[in-house]
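The values are calculated or read from the model by the stated rules, or taken from the named source; none is laboratory data. It should be emphasised that the depicted structure is a prediction, and the values quoted were computed from it without experimental measurement. A quick note on method: Cβ atoms are made from the backbone with ideal geometry, for glycine too, and the neighbour counts reach across all protein chains shown. Accessible surface areas use protein heavy atoms only, side chains included; no ligands, DNA or RNA. Shrake-Rupley method; radii C 1.70, N 1.55, O 1.52, S 1.80 Å.
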Amino acid sequence: MAAAFAITAEGGYGAASVGAIASRAGVAAGTLYRHFASKGELFVVLFRRVCGREVVAMRRAAEDVASGPERIVAVLDTFARRALQHPRLAWALLAEPLDPLVEAERLAYRRAYRALLSELLRSAVDDGALPEQDPDLTAAALVGAVGEALVGPLAPGADVDATALLPELRALVSRAIGTAVPR
């Protein structure tokens with residue numbers, strides 16, 4: 001798994017062939033096939049590990065902030081910052097064309113991100129910290145908007161100034177949830 005992670009972080013899903021992963025791990029390709037029936041199955045496990053860590057990081061970001069609206073901004077800011085720190089890996093997780101089995105896992109984690117945001121939005125609306133809104137719809141829109149906003153900057157060869165992008169994303173999220181938080 002460490003070899004698959006390293007190769008994906010360096011060159012994306014396309015660069016992470018079974019042969020390249022096996023070579024990096026110091027084993028024969030057949031050895032990988034004893035544990036995984038396909039590259040797709042190996043990447044489902046990799047996705048679960050990496051995306052699971054992202055959900056934990058996003059939850060921690062929410063716990064570190066006092067107010068409901070600021071929690072939502074902090075969660076999405078954490079997601080974007082972490083993606084921009086590892087752009088090739090984030091590109092593979094968010095946008096790179098994948099095996100259908102892995103694509104299903106990508107969608108499962110988008111649902112997990114939406115569920116976390118929906119929970120935070122619902123709490124902030126119930127507390128009166130945000131205007132009335134459909135937390136599920138807003139969460140889905142935010143996951144889609146932030147993910148789409150990152151696709152170009154994360155694409156191979158992109159040269160993005162995160163110091164300019166992150167404040168704009170925070171402002172977008174604030175406007176979308178009904179607050180006006182300074183950048």
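Filter the range 66-84 for residues that are more than 13 Å from I177 (Cβ to Cβ), without any contact (Cβ under 8 Å) to a residue 60 or more places away in the chain and buried (at least 18 other Cβ atoms within 10 Å of the Cβ) and give the result.
T78
So D126 fits all but one of (1) of a type outside the set (A, V, I, L, M, F, W, C); (2) open to solvent by less than 30 Å² (accessible area, probe 1.4 Å); (3) free of Cβ contacts under 8 Å to residues at least 12 places away in the same chain; what number is the exception?
Result: D126 passes all but (2).
If only one of L116, L93 is open to solvent by less than 50 Å² (accessible area, probe 1.4 Å), aliphatic (A, V, I, L, M), under 18 Å from A145 (Cα atoms) and without any contact (Cβ under 8 Å) to a residue 60 or more places away in the chain, which one is it? First the steps, then the outcome.
Details: L116 fails: without any contact (Cβ under 8 Å) to a residue 60 or more places away in the chain.
The match here is L93.
Give the residues of the range 124-137 that are in contact with a helix residue (DSSP H, G or I) (Cβ under 6 Å, 6 or more places away or on another chain), part of a helix (DSSP H, G or I) and over 12 Å from G178 (Cβ atoms), sorted by residue number.
Across the range 124-137, the qualifying residue is only D136.
Need the failing condition index for A176 against (1) within 29 Å of A15 (Cα to Cα); (2) open to solvent by less than 60 Å² (accessible area, probe 1.4 Å); (3) free of Cβ contacts under 8 Å to residues at least 60 places away in the same chain, just the number.
Going through (1) within 29 Å of A15 (Cα to Cα); (2) open to solvent by less than 60 Å² (accessible area, probe 1.4 Å); (3) free of Cβ contacts under 8 Å to residues at least 60 places away in the same chain one by one, A176 breaks only (1).
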